[in-house]
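*Asks:* First, the structure itself, so that you have it in front of you.
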């Protein structure tokens, strides 16, 4: 297994540029690489890859905006999933409590495999 050598943010930025990514604001890109993590962010570059290089016109800003959209969508979806989970658990525990009593959950015969 090949172990990747740790790189500095400057080296990561150079690697992105060497692969054809246009970076308009290097200070912004460095800040985001420090916040997000190079490997997490480069996963969003995969659709822009053409072999070992990025397709012409690939910009850091575009990829970062896709990352941000995904992050915000994930937070919205997880919020809704949490509400659905809470409602489902409440409905199940309410039904179970009415059918088997307040301590019915302690009796294994009230459950099946």
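The numbers here are math on the coordinates, done by the rules we state, and not lab data. Because the structure is predicted, anything quoted here is derived from the model rather than measured. Glycine also receives a Cβ, built like all others from the backbone with ideal geometry; neighbour counts cover every protein chain displayed.
*Asks:* How big is the Rg/Rh ratio for the chain, C-alpha atoms only, Rh by Kirkwood, two decimals?
*Replies:* Values: Rg = 23.9 Å, Rh = 18.1 Å.
Radius of gyration relative to Kirkwood radius: 1.32.
*Asks:* Restricting everything to alpha-carbon atoms, can you work out Rg to Rh for region 1-58 with a Kirkwood hydrodynamic radius? Mind dumping the intermediate values first?
*Replies:* Values: Rg = 11.4 Å, Rh = 12.0 Å.
Taking Rg over the Kirkwood Rh, I get 0.95.
*Asks:* In addition: Based only on other Cβ atoms within 10 Å, what is the fewest-to-most ordering of 53, 19?
*Replies:* Working: 53 13, 19 17.
Ordered from fewest to most neighbouring Cβ atoms within 10 Å, 53, 19 come out as 53, 19.
*Asks:* Specify the angular offset, from 0 to 90 degrees and rounded to the nearest 10, of the alpha carbon long axis of helix 9-18 from the longest principal axis of the alpha carbons in the chain.
*Replies:* Rounded to the nearest ten degrees, it is 70.
*Asks:* In addition: May I ask for the angle, rounded to the nearest 10°, between helix 26-36 and the longest principal axis of the chain, with both axes built from Cα atoms and the value confined to 0 to 90°?
*Replies:* With both axes taken from Cα atoms, the answer is about 30 degrees.
*Asks:* In degrees from 0 to 90, rounded to the nearest 10, what is the angle of the helix 60-100 Cα long axis to the longest principal axis of the chain?
*Replies:* Its long axis makes an angle of about 10 degrees.
*Asks:* Say we join alpha carbon atoms closer than 10 Å with springs in a Gaussian network model of the chain; which of 101, 51, 20 then has the biggest fluctuation?
*Replies:* 101
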